[in-house]
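Notes follow once the structure below has been shown.
The values are calculated or read from the model by the stated rules, or taken from the named source; none is laboratory data. All figures in this text were calculated on a predicted structure; none of them were measured in a lab. Here the Cβ is made from the backbone with ideal geometry for all residues, glycine too, and neighbour counts use every protein chain on show.
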Amino acid sequence: MDWVTGTFLVVGAIGLVLLAVSLLFGELFQLGHADVDGPFSVPVVAGFVGAFGFVGGIVAALVPGAGAPSALLGGVAGLATAFPTGWLVIRLTRALMRMPTDATLTRDDLIGALGTVTTPIRPGGYGEVKLTISGQVLKYNARSARALPLGTPVLVIETPSETSVVVEETDLRLPPAVTA
């Protein structure tokens with residue numbers, strides 16, 4: 001390997017290390033930074049430098065002989081690849097940063113949820129219920145003032161903890177596809 005190829009590969013490795021550091025500690029570098037999803041963010045610079053170095057190194061290795069011709073061709077090929085790579089990283093970073101997500105489920109969201117008893121509940125003891133919340137079926141420990149047999153439709157009236165609920169029997173039923 002000649003010195004031109006080696007230099008390009010070192011530049012590519014620096015870009016790769018910079019990308020790894022930004023993935024591991026990215027929030028530390030970009031805390032409060034206005035350009036977090038713009039053209040000068042750490043992932044964009046890392047992608048640009050990495051593409052420039054590795055593509056430049058590949059092209060320089062394919063050109064016979066070392067020196068100015070391989071450095072020039074490697075640099076041109078590296079830049080020709082680095083700009084689209086940087087643009088792609090900008091687009092991906094923006095998409096990830098602006099991706100809408102559902103709200104985190106809280107204890108208050110459980111009150112009023114419908115479910116079905118999956119493990120019979122004894123009076124004063126615990127059983128288990130499957131609850132349907134925002135289309136998602138979740139299993140919780142459950143208490144009730146009275147005994148509730150397997151398959152009883154229930155309504156959550158209280159949430160004493162993050163993993164348990166207090167339920168009562170209800171006439172409301174879940175659609176058949178949801179209770180499975």
Legend entry - Unmet criterion (only one of (1) surrounded by 12 or more Cβ atoms within 10 Å (Cβ to Cβ); (2) under 29 Å from the mean Cα position of the chain (by Cα); (3) part of a helix (DSSP H, G or I)) for ASP108: (1)
Legend entry - Qualifying position, being in contact with a strand residue (DSSP E or B) (Cβ under 7 Å, 6 or more places away or on another chain), over 30 Å from LEU16 (Cα atoms) and at pLDDT below 95, among THR106, THR132: THR132
Inset, instruction - Look at region 105-132 and say how many of its residues are at positive phi and free of Cβ contacts under 8 Å to residues at least 40 places away in the same chain. - result: 1
Inset, instruction - Would you please name the residue that is surrounded by the fewest Cβ atoms within 10 Å (Cβ to Cβ), looking only at residues in region 148-164 that are aliphatic (A, V, I, L, M) and over 10 Å from GLY127 (Cα atoms)? - result: ILE157
Inset, instruction - Taking the options THR116, THR81, THR93, name whichever one is at pLDDT 90 or above, of a type in the set (S, T, N, Q), part of a helix (DSSP H, G or I) and surrounded by 12 or more Cβ atoms within 10 Å (Cβ to Cβ). - result: THR81
Legend entry - Pairs with Cβ under 6 Å, 6+ apart, first in region 50-69 and part of a helix (DSSP H, G or I), second among the aromatic types (Phe, Trp, Tyr) and modelled with pLDDT of 90 or more: GLY53/PHE8; GLY56/PHE8; GLY57/PHE8; ALA60/PHE8
